[in-house]
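Below is one structure. I have some questions about it.
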Amino acid sequence: MTPSGGALHTTGSRSQKMAVVTLLPKKASLEPHELKNYRPVSNLSFVSNLVERVAVKQLSDYLETKELLPLLQSAYSSHHSTETALLKVLSDFLTAIDDKKVTLLALLDLNAAFDCLDHDILLSRLQSRFGLDVAVLAWIRSFLTDRTQRVCFGGRLSAEIALIFGVPQGSVLGPSCFCSTRPSCLTSSRLLD
């Protein structure tokens, strides 16, 4: 895959890689003094989001053209949602029950997964699974590295810290990067005999 027209030759300046994280209450009724009751929301620059939208469009077009997207991917996929995922699971359950098979469901909590993603593993998988070329991988590496964030809470900003792992939450490209690192066992659904 190569970015068309050379539109993605850079990932932006340092200011485009800095996020301000705002903590929003998950529910108004929860105790406001406990951090677990807040959801961190990263606010990234408008220009950064525009550039990422172009990159995601090119990446999605490439993956669709090469038929590299998992058929059962619901998260971060157009025309798919938690509803389509639940309908698939329900359909598989009912089919198994009709066939008198034992039905099990394993659920994984990927709550902090975006924050823990290793950049080298991500880039390796993008190259090995999807065949992205060196220029695209270099652009994605540049997108991921040298990122910083500050937390805004109670009207005050924290000191700026460097982010050495993870994909930027609140970014447009982050979910696509994250989904590409799923183990291959999670990309298909099958009934065991």
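Which members of segment 34-61 meet the condition of being of a type in the set (Phe, Trp, Tyr) and open to solvent by 60 Å² or more (accessible area, probe 1.4 Å)?
Of everything in segment 34-61, just one residue is of a type in the set (Phe, Trp, Tyr) and open to solvent by 60 Å² or more (accessible area, probe 1.4 Å), namely Phe46.
Additional query: In segment 85-95, how many are open to solvent by less than 70 Å² (accessible area, probe 1.4 Å) and closer than 28 Å to Tyr38 by Cα?
Residues that pass the stated criteria total 1.
For segment 5-28, give me each residue that is closer than 29 Å to Arg141 by Cβ and either open to solvent by 70 Å² or more (accessible area, probe 1.4 Å) or at pLDDT below 85 (or both).
Gly5, Gly6, Ala7, Leu8, His9, Thr10, Thr11, Gly12, Ser13, Arg14, Ser15, Gln16
Is it true that Glu31 is of a type in the set (Asp, Glu), more than 22 Å from Gln169 (Cα to Cα), loosely packed, with under 15 Cβ neighbours inside 10 Å and at pLDDT below 85?
No; evaluated as a whole, the condition is false for this residue.
A follow-up question, please. Take the residues in segment 130-175 that are of a type outside the set (Val, Ile, Thr), without any contact (Cβ under 8 Å) to a residue 60 or more places away in the chain and not in a loop (DSSP other than H, G, I, E, B); name whichever of them is surrounded by the most Cβ atoms within 10 Å (Cβ to Cβ).
Leu144
Okay, next question. For segment 96-129, which residues satisfy the criterion of being within 18 Å of Leu163 (Cβ to Cβ), open to solvent by less than 40 Å² (accessible area, probe 1.4 Å) and in contact (Cβ under 8 Å) with a residue 60 or more places away in the chain?
Answer for segment 96-129, where residues must be within 18 Å of Leu163 (Cβ to Cβ), open to solvent by less than 40 Å² (accessible area, probe 1.4 Å) and in contact (Cβ under 8 Å) with a residue 60 or more places away in the chain: Ala113, Phe114, Leu117.
State which residue is farthest from Gly166 (Cα to Cα) when the search covers only segment 39-65 and only residues that are assigned to a helix (DSSP H, G or I) and among the β-branched types (Val, Ile, Thr).
Thr65
Look through segment 99-129, keep the residues that are charged (D, E, K, R) and not in a loop (DSSP other than H, G, I, E, B), and return whichever of them is farthest from Asn37 (Cα to Cα).
Selected residue: Arg129.
The values are calculated or read from the model by the stated rules, or taken from the named source; none is laboratory data. Being a predicted model, the structure only gives us computed values, none of them experimental. Positions of Cβ are backbone-derived with ideal geometry, glycine not excepted, and every protein chain shown enters the neighbour counts. Only protein heavy atoms, including side chains, enter the accessible area calculation; ligands, DNA and RNA are left aside. Shrake-Rupley method; radii C 1.70, N 1.55, O 1.52, S 1.80 Å.
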